[in-house]
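Only the coordinates and a few stated rules stand behind these numbers; no lab work does. Nothing here was measured: the structure is a model prediction, and the numbers come from that model. Quick reminder, even Gly has a Cβ in these numbers, built from the backbone with ideal geometry, and neighbours come from all protein chains shown.
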Amino acid sequence: MLTSATTLVERRTVLAGDYGTHPYEAGWAAEALFFVRATEEHPELSIQPQVSPDGIDWLDHGEPVTLPADRALVKVGMSQFGTWIRLHLTGASQERPATVFVHLALKG
Amino acid sequence: MATIRERGLEKFNPLEKVLVYDDFDLGLNGWLDLTPNFVHEDYRSQPSQVDLGSWGPSMLSAAPMRFAASHGSMEGTYSLKLGTRPTARAYELPPADGSMSTVIKRLSRVNHDHRYLQLEAWYSYTPAQDRWGKGEEDIRAFGMWFDIQDDEYRWQPGVRYVNSVNGTKVKRWQLFQLADAVTREEWTGSPDGWEAPGIDAIWCGRRYSDGSADGFQWVPEGEQSLVYNESPDKLNWLYLRLLVDLERREYVEFQSMGRTFDLRGTGATLAPTYDGISGLINPVFFIETDTERSVFLYVDSVVYSTGASPKA
């Protein structure tokens, strides 16, 4: 039987600029699926999955996913990510903030 | 695997009945981030002076390092890692949103003739190596407590290691115990605060520049220079054990490494019962950062045991 776990790396986090989600170690897992849920009105967000050698310096990994202003939920899958994973979110600003929950489902 | 697991228990000293033996090589084992009750309109939680949904999430960790190989755990590969977000306020202020990380396991009282309750853990602590320097002074505090509610009281016996306050090392142990005559407003920051004095001490109560706080009392002769090592990428595994008396609602013993503190006769702080949680016993671990830097608590393994006698 595989091990699986879900967590929230962000819980009602208010974005007012570019933002990297909490660095997460997923070395035990073979697959990772993030869900970004925006509450209330929000601008279009670009969501770039990233990997890292150390949880400090980050590199893009795969293609960005867009969360349009008229949608509330989007998924971002990752594989072959090594250990450290996060999402880098852009599109929010002081004038047009966004409030997000970021779920992470891991399996391996 | 079974043999290794049984031998692994040799590094603990449990009471008569081992209810929980969690090695994080086998998964999260039912430990999860401590969160508030999202039961109000729009799934909001009850208002509090800090955002209790903001703490950094826990994770299974092989303790990867920036300049060293992954550290693994004391036994096996994975430990349960608590990681704060890189944010802090001065010690004397209420904790910054995200400045802690907490994990909880939700249990309940089973053997009512088992008067004693003990938690043991092997753990380590370090900051993120996101800047040069040793980093020891950037870890503010860590520890564990039991959240207990019996038929008459809610009470939270626990221990906190005050490692550093506003960048100055302290390295002393405290007990969870309320100072005299603390009001609800002083405890929660609001006359309408929901946390009863003595409950949720890690984010409630006033804090003072020497590391003392309304919710904590210093352990007598509780100075202890726990191993930190010389660099954020070097972990040394440490042992702690807390034994409490459920009948007298008192501390019995606290052991940290080779030192055992006799706490008999030291009562826990008793608060009124909350609805719906009688019989609850939840062990909780926590860590808090002292500066704008993530800090980590790694828990290799945990044993939670009970018994009619304080010795196995």
request  = Decide, for region B:78-163, between rounded, prolate and oblate: order the square roots of the alpha carbon gyration tensor eigenvalues as a ≥ b ≥ c, take rounded if a/c falls under 1.5, and otherwise choose prolate if a/b is larger than b/c, else oblate.
outcome  = prolate
Part-to-part distance (alpha-carbon centres) for region B:94-112 and region A:48-87, which is given in Å = 29
ask   = What does the charge add up to near residue A:44, with Lys and Arg as +1, Asp and Glu as -1, over the other residues with Cβ less than 10 Å from its Cβ?
value = +1
Rg/Rg_ref, chain A, where Rg_ref = 2.2 N^0.38 Å and atoms are Cα = 1.03
inquiry  = Among B:247, B:120, B:292, which one shows the highest mean-square fluctuation when chain B is modelled as a Gaussian network with alpha-carbon springs under 10 Å?
reply    = B:247
message = With a cut-off of 8 Å between alpha carbons and a minimum separation of six or more residues, what is the relative contact order of chain B in percent?
response = 31
request  = For each of B:289, B:35, B:183, count neighbouring Cβ atoms within 10 Å of the residue's Cβ, then give the residues from fewest to most.
outcome  = B:183, B:35, B:289
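Given the peptides B:156-163, B:95-102, B:112-119, arrange them by the average over their residues of other C-beta atoms within 10 Å, most packed first.
Answer by packing, highest mean first, reads B:156-163, B:95-102, B:112-119.
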key: region B:157-283, relative contact order in percent, only Cα pairs under 8 angstrom and at least six apart counted   = 21
ask   = residue A:44 versus residue B:248, label points 7 Å from Cα toward the beta carbon: distance in nm?
value = 6.9
ask   = Under 5 Å between amide H atoms, partner at least 5 residues away or on a different chain: which partners does residue B:84 have, H built in plane at 1.01 Å?
value = B:295
remark   = A correct Stokes-Einstein calculation for region B:15-307, using the alpha-carbon Kirkwood radius, 20 °C and 1.002 mPa s, returns a whole-number D in µm² s⁻¹ of 112
request  = State the number of lysine pairs found in chain B whose Cα atoms come within less than 29 Å, restricting to pairs 8 or more positions apart or on distinct chains.
outcome  = 22
remark   = Averaged over residues of B:53-60, the number of beta carbons from other chains lying within 10 Å of each residue's Cβ is 6
request  = Express the relative contact order of chain A as a whole percentage, based on alpha carbon pairs under 8 Å and six or more residues apart in sequence.
outcome  = 50
message = Over the Cα atoms, compute the radius of gyration (one decimal) and Dmax (the largest Cα-Cα distance, rounded to a whole number) for the protein assembly as shown, in Å.
response = 21.2, 63
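Listing B:227, B:182 from the residue with the fewest other Cβ atoms within 10 Å to the one with the most, what is the order? Let's see the in-between values first.
Values: B:227 12, B:182 17.
Listed from fewest to most nearby Cβ atoms, that is B:227, B:182.
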inquiry  = Can you tell me which of A:32, A:92, A:72 moves the most in a GNM of chain A? Springs connect C-alpha atoms under 10 Å apart.
reply    = A:72
query = In region B:172-244, what chymotrypsin sites (Phe, Trp or Tyr not before Pro) fall in a loop by DSSP, with at most 14 other Cβ atoms inside 10 Å?
reply = B:208
request  = Compare B:190, B:212, B:124 in a GNM of chain B, Cα atoms joined below 10 Å, and give the one with the largest fluctuation.
outcome  = B:190
